[in-house]
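Structure first, commentary second.
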Amino acid sequence: MTNSPNIAFLAPHTTDFQIPDGWQRYETVAQLTQANSDVIVIDLPQEGLERAIIELRKSIYPLNLIFSARPANGPLFEQLGDGMLPEATDAVLPLYRLWQQRLHSFNRGQPSTTTEERVLAWLWSRPRSALVPVRAPRQAIPYYYPLVDVLTEDDTINAFSWLQLMQQQGLFAEGELLDRLRQCRECSSTRLNYIDVCPDCQTIDITRQPSLHCFTCGHVAPQESFLKNGTLECPNCLTRLRHIGSDYDRPLENLRCRSCNAFFEEPLVEAHCLDCQHINAPEDLKVREIRRYSLTELGRLKCRQGLTSSLRDDHFDQLNLINNGAFRTLLNWQIQLTHRYKSHATSLMAIKFENLEAAMEQVGEAGGIAAIDTLVSRIREAIRETDRCTRSKENLLWLLLPNTDIEGREALRNRILELAQLLPIAEHSGFRVVVDGYTLPMEMLPQEDAELIMARLSGKLGA
Amino acid sequence: METIVQAASQIAGEIFGNGGLSEWLLRLFPFFILLELPVYLLIFVGVLRWKLRERHRIPPSRLYTPKVSCIVTCYSEGAETVITLKSLCEQLYPGVLEIIPVVDGASINRETLAAIEGFRVDPHLHPRRTIRPLAKWQRGGRVSSLNAGLHHATGDIVLALDGDTSFDNDMVSQIVQHFADPNVPAVSGNLRVRNRNDSLVARIQALEYLLSIQMSKIGLGEWNTINNISGAFGAFRRKLLTRIGGWDTHTAEDLDITLRIKSYYGRHHFRIPFEPRAIGHTDVPTTFRQFLMQRLRWDGDLYFLFVRKHQRNLSPRLMGWPDFLMTLVTGLFFQLVMPFLIVSYLVVGFILMPLSTIAFVAVLIYSVYFAITLTLYLACLLLVSERPREDLKLLPLVPLFPVFMLVIRCWGVVCTLNEALRRGHEESSMAPWWVIKRGKKF
């Protein structure tokens with residue numbers, strides 16, 4: 001961990017900004033990409049700022065903190081930058097520390113090289129950040145995700161499909177829906193022209209043709225055939241049609257194709273792609289939803305525990321964790337046993353780590369993880385080989401203790417609480433281990449099953 | 001005529017002997033009929049003349065197509081206004097038509113306003129038709145609606161139309177062609193009864209519109225002595241309208257503006273034609289009581305306009321001799337004096353004459369009027385009517401028509417007295433009282 005970061009100041013021209021001591025000044029992005037800075041401060045107008053930040057993100061600074069020395073806004077900077085430089089330049093240091101710690105704990109300290117790793121690292125290193133689409137009205141697809149674009153090592157990746165994949169893997173959560181696009185089946189362009197055409201010959205040269213209905217003889221024909229010397233006369237019965245509603249009316253307004261002379265009521269609507277000229281039926285168009293994306297709980301867990309490892313490989317795995325369903329089945333089985341053999345005693349214990357997240361942020365990711373590791377290995381020592389463990393939430397651990405009565409349960413509880421006291425992070429405010437238990441058959445209520453018991457216990461723990 | 005009278009006198013003499021009373025009556029009998037006959041003759045000749053001209057008429061020019069603004073005054077007609085607007089959109093006129101429906105008292109006539117605002121002109125079906133509704137939130141009367149519409153109108157020709165009147169699709173083409181003559185300041189349109197099948201009262205009014213309005217206006221129009229441009233359907237040159245200050249407050253704004261335009265006849269070669277082929281279909285009162293109330297207003301307004309408001313306008317210097325004389329006879333004498341004569345005759349007759357004499361004279365008078373009615377009706381059917389089939393259905397009403405006219409004449413006395421003694425025009429429903437109160441008193 002470096003104590004004082006290298007701060008680069010990028011300003012091509014003379015600037016009014018008082019550059020603090022120790023900051024390196026650069027005039028071009030090219031110079032900056034040759035150097036090795038930790039934090040970058042840019043003093044450029046909006047347009048230059050956006051250009052510079054895109055270049056920097058694509059270079060050796062994909063994840064570094066980048067501030068603007070001037071007030072800056074716009075969706076692009078909001079997405080790729082880290083906001084305005086704090087007024088007190090000293091405040092950069094704690095921000096940098098936090099960023100560095102989080103990045104250090106990401107993926108067990110492995111360097112991020114793939115798109116997936118970089119984007120996850122970005123979202124991990126900046127809590128509460130999200131992938132926000134930015135409008136690009138002139139593009140064939142009028143939205144793009146600047147972060148995915150700049151953090152992609154090659155241009156072949158399709159950000160939309162990639163995001164969908166990440167979402168299917170459970171790493172990204174769908175956020176606010178911002179727009180819905182209809183895209184050409186062939187080229188995915190949204191530049192479509194919806195055009196009404198003749199349903200018979202598909203030409204666009206169609207025209208509305210008002211028709212008249214003669215009340216006297218019931219003749220219906222296009223209006224032109226009724227017009228005679230500036231008056232209306234039925235071509236069939238030669239009656240003068242003088243007044244709408246009493247002599248004639250307009251029963252229908254058909255369309256006529258000027259190319260094939262077809263008469264029709266409803267035209268066919270086609271979506272013509274202006275880019276590839278493909279003709280789509282409107283119902284065949286691809287529908288794309290434009291949303292914000294953020295990290296899911298699972299995504300955060302993977303960031304912390306390493307992207308290559310699966311869930312079972314986490315610290316708590318040393319406790320021989322079984323899945324929730326299996327745990328509940330076992331508990332139900334134990335309940336049935338106690339119903340059948342009254343002397344049979346079984347205990348259930350819930351351990352909740354309160355404010356784990358906040359405590360970890362305080363002590364740093366690495367310190368927190370080390371502390372949890374310690375605690376888990378001590379719990380392992382305290383329980384028996386025949387006990388079973390599961391976890392229903394990240395911070396809620398369940399122990400099923402067969403052949404354990406209330407005294408045995410209380411003894412275990414005290415030991416766990418003592419162990420928790422020994423943890424280095426326990427001194428910090430907020431972090432607390434809460435343990436509660438339940439013993440069959442003494443405390444059992446009629447009709448209760450595993451689900452209800454676990455819900456009742458977690459309710460007592462406030463989880 | 002004299003021979004007929006002599007013959008009748010002979011017959012009567014044979015019946016009554018040489019009684020002085022019947023002779024005196026017979027001398028009295030032709031007195032007012034003889035005054036009416038020349039006018040009927042004039043009308044009849046006018047209709048014949050129109051028919052002759054009509055046969056050699058060139059179809060409406062498609063070259064003269066000025067922009068036309070249609071001011072449609074609406075009040076509580078509701079969805080019925082849509083029929084009017086639709087019939088205007090359907091016009092075959094090749095020029096631009098600007099439709100301005102003006103809703104008077106829009107804050108209370110929500111239904112009418114909603115119907116108009118919901119009406120859309122399909123630019124593909126009806127090109128060159130625009131609709132610009134005006135909502136007058138505060139009620140101000142028909143005159144204020146017309147003037148508001150006139151203020152927003154941009155067409156060269158302005159049509160003043162009623163919201164309960166719809167039009168044949170060649171109406172605008174027919175009426176506009178007259179304006180090609182720069183001496184035409186206004187044209188009167190032809191009205192037919194739309195709801196003629198609603199009741200007997202409506203049916204007999206349909207016949208009245210056909211004979212007394214359509215036929216007589218064709219006849220009078222031929223001699224450029226048209227009596228009135230109907231409020232429900234008139235066409236004006238906008239320049240002239242704005243120059244004479246639009247419509248004037250008070251009731252009967254249609255006759256008022258007609259008389260005001262006519263007062264230029266003496267100085268200009270103006271001509272107000274009647275176009276029987278420009279046809280509007282309007283609703284008439286369906287009950288007898290409603291009918292009498294409408295006539296109370298109409299005939300009372302005649303007295304108000306001729307005697308009170310336009311007394312000084314009625315001069316040959318302003319109107320020109322032909323129109324002055326015609327107004328004197330048809331307007332003042334027939335409408336205001338004749339009813340009194342007829343009623344007096346009736347009263348005196350009933351007092352002085354024996355019942356058999358009354359019956360004879362009644363049959364005689366009836367026969368004369370029936371003959372006139374039948375002649376006019378047949379002439380209308382054969383020469384004028386564009387819907388002869390429909391109008392033929394009114395034939396059974398022809399015998400009833402003279403009686404109907406007698407009732408109208410008698411009611412005319414009430415109307416005139418109501419205006420002369422009670423200033424009935426100030427009770428008009430055509431404008432709210434707070435507007436009428438402020439109008440200049442005549």
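FYI, it's all coordinate maths here, none of it is from the lab. These numbers come from a predicted model, not from an experiment. Reconstructed Cβ throughout: ideal geometry from the backbone, glycine too, with neighbour counts over all protein chains shown.
The per residue volume of the convex hull around the alpha-carbon atoms of chain B is 148 Å³.
Remark: C-alpha extents of the stretch A:199-266 on the principal axes read 38, 22, 16 Å, sorted largest to smallest. Within chain B, DSSP assigns beta bridges of which about 30% are antiparallel (rounded to the nearest 5). Of B:Lys67, A:Lys342, B:Lys136, B:Lys262, the sequence from fewest to most neighbouring Cβ atoms within 10 angstrom is A:Lys342, B:Lys67, B:Lys136, B:Lys262. For the stretch B:68-285, the Kirkwood hydrodynamic radius comes to 17.4 Å, computed from all pairs of different C-alpha atoms. For A:Asn254, project a label point 7 Å along Cα to C-beta. Then give me every residue of the stretch A:203-240 with its amide nitrogen under 11 Å of that point. Hits in the stretch A:203-240 for A:Asn254 at 11 Å: A:209-212, A:220-223.
Averaging the sequence gap over all C-alpha pairs within less than 8 Å and six or more residues apart, then dividing by the number of residues, gives the stretch A:314-461 a relative contact order of 38 percent.
Taking 0.36 nm per residue of separation and subtracting the Cα-Cα distance, full extension of the segment from A:Glu176 to A:Trp333 would add 52.2 nm.
Here is the list for the stretch A:172-220: GluC sites (Glu not before Pro) lying in DSSP coil, each with at most 16 other C-beta atoms within 10 angstrom of its C-beta, are A:Glu186.
If you take all other residues with their beta carbon under 12 Å from the beta carbon of B:Gly320, and give Lys and Arg +1 and Asp and Glu -1, the sum is +3.
Counting only other chain Cβ atoms within 10 Å of each residue's Cβ, the peptide A:241-251 averages 6.
Computed from the Cβ-Cβ distance with R0 of 30 Å, the FRET efficiency linking A:Arg51 to A:Leu298 stands at 0.25. Between the alpha-carbon centers of the stretch B:359-386 and the stretch B:149-196, tell me the distance in whole angstrom. Computed from Cα coordinates, the inter-centre distance equals 31 Å.
Note on the stretch A:314-461: Rg/Rh from C-alpha atoms, Kirkwood Rh, equals 0.98. Which FRET efficiency value, to the nearest 0.05, is calculated for A:Glu407 and A:Gln139 with the Förster distance at 41 angstrom and r the Cβ-Cβ distance? According to the calculation, E is roughly 0.05. Given in Å, the Rg to one decimal and the Dmax to the nearest whole number for the Cα atoms of the protein assembly as shown are 49.4, 155. Taking other C-beta atoms within 10 angstrom as a stand-in for reagent exposure, A:Glu443, B:Glu77, B:Glu36 fall in the order A:Glu443, B:Glu36, B:Glu77, fewest first.
Distance between the 7 Å Cα→Cβ label points at A:Lys393 and A:Met442: 2.8 nm. Considering only chain A, what is the antiparallel percent among its DSSP beta bridges, to the nearest 5? Among the beta bridges of chain A, antiparallel pairing accounts for roughly 80 percent. If you take all other residues with their beta carbon under 9 Å from the beta carbon of B:Pro94, and give Lys and Arg +1 and Asp and Glu -1, the sum is +2. According to the calculation over all Cα-Cα pairs in the stretch A:149-245, the P(r) per 10 Å bin from zero is 11, 21, 16, 12, 12, 10, 13, 5 %. Exposure proxy shown here: for B:Tyr40, A:Tyr143, the number of other Cβ atoms within 10 Å sets the order, fewest to most, as B:Tyr40, A:Tyr143.
Between A:Arg70 and A:Ala382, the contour length at 0.36 nm per residue exceeds the alpha carbon distance by 106.6 nm. Between B:Arg260 and B:Gln138, the modelled labels are 2.1 nm apart [label points 7 Å from Cα along Cα→Cβ].
Can you compute the label reach from B:Leu240? Point 7 Å from Cα along the Cβ direction, backbone N cut-off under 20 Å, restricted to the stretch B:55-91. Within reach of a label on B:Leu240: B:61, B:64-72.
Computed from label points 7 Å out along Cα-Cβ, the spacing between B:Val348 and B:Leu378 is 3.4 nm. Between A:Asn158 and A:Glu451, the contour length at 0.36 nm per residue exceeds the Cα-Cα span by 101.1 nm. Residues of the stretch B:246-274 falling in the label zone of B:Trp434, defined by backbone nitrogen less than 20 Å from a point 7 Å along Cα to beta-carbon, are B:249-251. Remark: for residue pairs B:Lys67/B:Lys437; A:Lys228/B:Lys51; B:Lys262/B:Lys437, the C-alpha separation exceeds 25 Å in B:Lys67/B:Lys437; B:Lys262/B:Lys437. Using C-alpha pairs under 8 Å with a sequence gap of at least 6, the mean separation divided by the residue count of chain A gives a relative contact order of 12 percent.
Taking every DSSP bridge with both residues inside the protein assembly as shown, close to 65 percent are antiparallel.
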